[in-house]
Amino acid sequence: MNKLSVVTGALLLTAVGAMASDSDNALRKKASDMGLKPIPASQLEVMKLVDDAKNPITDAKVELGKKLYFDPRLSKSSLISCNTCHNLALGGADGVSAAVGHKWTMNPHHLNSPTVYNSVLNDVQFWDGRSPHLADQAQGPIQAGPEMAAPKDLVVERVTSIPEYVMEFKRAYGYDVDIDFELIADTIAIFEKTLVTPAPFDDFMNGCNSAMTKEEKEGLKVFIDKGCTSCHNDIGFGGTMQPFQVVKKYKFAEVGDFEGDENGMVKTPTLRNIEETAPYFHNGQIWNLATAVKEMGSTQLGIDISDKDAKKIVTFLKSLTGEKPDISYPQLPASTVLTPKPDMD
């Protein structure tokens, strides 16, 4: 190859790179203008985003919260843990249409378990948005009859009957700590706050042009152009209260009796890690992601999304599958003779 060819090739690559950079910058601006935000690249910035000065995240609290999250003794039967319905090996969900809890009871409203990954990024918790944050949310399933069915006093008695847990609470919160039900739930929530999963989309939005493929970028354009960002926006791609069945009745609306909050509003599920959290919708009736995209188009936007465009959107959605924290299964402290026995009733 002569020198002229080398120079010409180099100039061509430079021009192509500049064109790609311009188009990528335009796409980033378009996404940002529509309210899409990335998880920060800096761990320090992520901590600022999820931490609470009133109960700051520490290593000791996270480790204790992890143990409590995986401990089935927090349930009445001593068989069900937080991880049962929010399985960290299954995208933070359970892979069934409706949550199953105490005495093999299906959720009476036929509600699907939302993922716990990135739940700290939600504005509200639960499908009806009744909890403002994770610490409040964590109290609900532990006590709920169809879920873990454990009264507050039983949970406290189980935990405080185990000397190793008592000592871990003292190390985490100070030796004069009062171990009550709310603190136990708060500690679980601190662990859950660490379950943030940065994805290729975030790397792209933070400036790395090669983080997303050409096909994923095309899918992002379609996602925006079709109007999906009207509900799935901000850093969580969901997690806010939105009207449901805006244009058309949801195809499986008759399954379960859930109708949202008092105003008919429903918490928009996050799209992060969505390829891992089937089945979809509040009652878990759609198992195919492309089908879910098309159903949302007709129900919420009043448009028919073609198979081709649905496939493009799904391709983009897979760029929201993030890197999970490295979590080892904890070894839980032993029960004692004082620990209340499992109750199957």
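Please treat every number below as a calculation from the coordinates, not as lab data. Treat the numbers as computed from the prediction; the structure is a model and nothing was measured. Neighbour counts are summed over all protein chains in view; Cβ atoms, including those assigned to glycine, are modelled from backbone coordinates with ideal geometry.
Can you work out ³J(HN,Hα) from phi for every residue in segment 306-320, in order, using Karplus 6.51 cos²θ - 1.76 cosθ + 1.60 and θ = phi - 60°, giving whole Hz and x for Gly and Pro?
5, 4, 5, 6, 4, 5, 5, 5, 4, 4, 5, 4, 5, 6, 9
If I model segment 46-193 as equal point scatterers sitting on the Cα atoms and use the Debye formula, what is log10 I(q)/I(0) at q = 0.10, 0.13, 0.20, 0.21 Å⁻¹?
-0.32, -0.55, -1.32, -1.44
Quick one: net charge of GLU164's neighbours, Cβ under 15 Å, K/R +1, D/E -1? Present the calculation step by step, with values, prior to reporting the outcome.
Details: positive: LYS66, LYS67, ARG73, ARG158, LYS170, ARG171; negative: GLU63, ASP71, GLU168.
Counting the neighbours of GLU164, the net charge comes to +3.
Would you mind telling me which residue in ILE57, ILE274, ILE162 has the biggest mean-square fluctuation in a Gaussian network model of the chain, where springs connect alpha carbons within a distance under 10 angstrom?
Its mean-square fluctuation being the largest, the pick is ILE162.
So for the chain, averaging the separation of alpha carbon pairs under 8 Å that are six or more residues apart and normalising by length, what relative contact order in percent results? The partial results should precede the final answer.
Working: 583 pairs, mean separation 82.0, N = 345.
Relative contact order of the chain: 24 percent.
Name the most mobile residue of ILE179, ILE80, ILE188, meaning the one with the largest mean-square fluctuation, in a Gaussian network model of the chain with Cα contacts below 10 Å.
In this elastic network of the chain, the residue with the biggest mean-square fluctuation among ILE179, ILE80, ILE188 is ILE179.
Pull out the extension gain between ASP52 and LYS103, defined as 0.36 nm times the separation in residues minus the alpha carbon to alpha carbon distance; nm, one decimal. The partial results should precede the final answer.
Details: separation 51, 0.36 × 51 = 18.36 nm, distance 3.61 nm.
That pair, ASP52 and LYS103, stretches by 14.8 nm at full extension.
Quick one, can you get me the convex hull of the C-alpha atoms of the chain expressed as volume per residue in Å³? Could you put the intermediate results ahead of the total?
Numbers: hull volume 54.4 nm³, N = 345.
Spread over its residues, the Cα hull of the chain gives 158 Å³ apiece.
Between segment 133-152 and segment 209-281, what's the alpha-carbon centroid distance in Å?
26 Å
Using modelled amide H (1.01 Å from N, peptide plane; none on Pro or chain starts), what sits under 5 Å from the amide H of ASP52, excluding residues fewer than 5 places away?
So ASP52 has HN proximity to ILE57.
How high is the relative contact order of segment 228-338, in percent, counting Cα pairs under 8 Å that sit 6 or more residues apart?
Numbers: 125 pairs, mean separation 28.8, N = 111.
The value is 26 percent.
Quick check: convex hull of the Cα atoms in segment 131-255, volume per residue, rounded to a whole Å³? Numbers along the way, then the final one.
Numbers: hull volume 22.4 nm³, N = 125.
Dividing the Cα hull volume of segment 131-255 by its residue count gives 179 Å³.
Which order, highest average first, do 284-291, 143-150 follow once you tally other Cβ atoms within 10 Å for each residue and take the mean per peptide? Don't skip to the end; give the middle numbers.
Details: 284-291: 18.2, 143-150: 20.1.
Order by mean packing, descending: 143-150, 284-291.
Structure shown: which of LYS221/LYS308; LYS37/LYS249; LYS48/LYS214; LYS226/LYS267 lie over 25 Å apart, alpha-carbon to alpha-carbon? Intermediate values should be presented prior to the final figure.
Working: LYS221/LYS308 14 Å; LYS37/LYS249 30 Å; LYS48/LYS214 32 Å; LYS226/LYS267 20 Å.
Check vs 25 Å cut-off fails for LYS37/LYS249; LYS48/LYS214.
Please work out the FRET efficiency for the pair GLU164 and GLN43, using the Cβ-Cβ distance as r and a Förster radius of 30 Å; give the result to the nearest 0.05.
Rounded to the nearest 0.05, the efficiency is 0.50.
Net charge within 13 Å of THR268 by Cβ-Cβ distance, Lys/Arg positive one each and Asp/Glu negative one each, not counting THR268 itself? Please list the in-between numbers first.
Values: positive: LYS267, ARG272; negative: ASP123, ASP128, ASP234, ASP261.
Every neighbour counted, the sum reads -2.
Using a Gaussian network for the chain with springs between C-alpha atoms less than 10 Å apart, which of these wobbles most: THR115, THR105, THR229?
THR105
Once the other residues with Cβ under 13 Å from the Cβ of LEU111 are scored (Lys, Arg +1; Asp, Glu -1), what is the net sum? It would help to have the intermediate numbers written out before the result.
Numbers: positive: ARG130, LYS267; negative: ASP94, ASP128, GLU147, ASP257, GLU259.
The answer is -3.
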